[in-house]
1. Just give me the residues in segment 49-73 being in contact with a Pro (Cβ under 8 Å, 6 or more places away or on another chain) and in contact (Cβ under 8 Å) with a residue 12 or more places away in the chain, in sequence order.
2. What residue, among those in segment 1-27 that are without any contact (Cβ under 8 Å) to a residue 60 or more places away in the chain and farther than 23 Å from Gln86 by Cα, is surrounded by the fewest Cβ atoms within 10 Å (Cβ to Cβ)?
3. Among the numbered criteria (1) closer than 21 Å to Gly26 by Cα; (2) in contact (Cβ under 8 Å) with a residue 40 or more places away in the chain; (3) acidic (Asp, Glu), which single criterion is violated by Glu120?
4. Looking only at segment 40-74, how many residues end up being more than 13 Å from the chain's Cα centre (by Cα) and farther than 16 Å from Asp129 by Cβ?
5. Would you call Glu54 at pLDDT 95 or above and either β-branched (Val, Ile, Thr) or surrounded by fewer than 21 Cβ atoms within 10 Å (Cβ to Cβ) (or both)?
6. For a quick check of your reading: which helices (runs of 4 or more DSSP H) sit entirely within segment 129-219 and have at least 1 residues that are in contact (Cβ under 8 Å) with a residue 24 or more places away in the chain and surrounded by 20 or more Cβ atoms within 10 Å (Cβ to Cβ)?
Amino acid sequence: MRDSTKGIIMLTKEYVEKKLSDAEGGHDWWHIYRVWKMAARIAKSEDVNNEIVELAALLHDIADPKFHGGDESIGPRTAEEFLKSQKVNLPTIDHVVNIIKHMSFKNSLEAQSFTSKEMEVVQDADRLDAIGAIGIARVFSFGGYKGNPIHDPTMKPKLNMSKEEYKKSNGTSLNHFYEKLFLLKDKMNTDTGKKIAQSRHEFMQAYVDQFYKEFEGND
């Protein structure tokens, strides 16, 4: 990697770390850190532009719509403004911004107008952070932040939701496993992502099975 590329990556890291210093625990700097490291790992087995992968991984949640009134434009706009301030070339900026605009789970619920190998890598890294042990922790962190119930047997998961239905959904933390997390294994793009997702999916399934046993006093 060129010295100039390393420089912008480190400047971006510092910017994001400061910007998200007081974010909700499931969407804070350490979420970004994990996605960044995983994206770099996956990229080793893919023919991609590593600078674009790392910048998109670092900036993908710089302003998550969930914490900005549902505004889906603020994240891409914030990333674009930062990259322009660092005089990153326009094709790189455009690619990174397009990845941020299109990579989310909710956007996968409708027809996609953009994709790239770089987006597939970052998307896999982000989805991997939503499953497994870390994913379980994040579900309950965000559920607590939102004041959602952990589990209510009278509230059933909402399956096959549209993007708009998903955005408005406010169910239990346990239902989120069925509404999103258990679906991610089959949405992985890369061979590396698929392999890692399988073991994390199995861990989550074992956890939910144990949860139900304990909930009914049957463990």
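The values are calculated or read from the model by the stated rules, or taken from the named source; none is laboratory data. Please read all numbers here as calculations on a predicted model, not as lab measurements. Counting neighbours? That spans all protein chains shown, and the Cβs are built from the backbone with ideal geometry, glycine included.
1. Kept after step one, since they are in contact with a Pro (Cβ under 8 Å, 6 or more places away or on another chain), are these residues of segment 49-73: 71-72.
Residue satisfying the conditions is Glu72 alone.
2. Going residue by residue through segment 1-27, those that are without any contact (Cβ under 8 Å) to a residue 60 or more places away in the chain are 1-7, 9-10, 13-14, 16-23.
Those still in the list that are farther than 23 Å from Gln86 by Cα too: 22-23.
Details: Asp22: 7, Ala23: 16.
Top of the filtered list is Asp22.
3. Checking Glu120 against (1) closer than 21 Å to Gly26 by Cα; (2) in contact (Cβ under 8 Å) with a residue 40 or more places away in the chain; (3) acidic (Asp, Glu), the one that fails is (1).
4. Going residue by residue through segment 40-74, those that are more than 13 Å from the chain's Cα centre (by Cα) are 40-55, 67-74.
Imposing the further condition that a residue be farther than 16 Å from Asp129 by Cβ reduces the set to 44-52, 55, 67-74.
Of the residues in that region, 18 qualify.
5. Numbers: at pLDDT 95 or above: yes; either β-branched (Val, Ile, Thr) or surrounded by fewer than 21 Cβ atoms within 10 Å (Cβ to Cβ) (or both): no.
In short, no.
6. Values: elements: 132-146, 163-168, 173-179, 191-215.
So the answer is 132-146, 173-179, 191-215.
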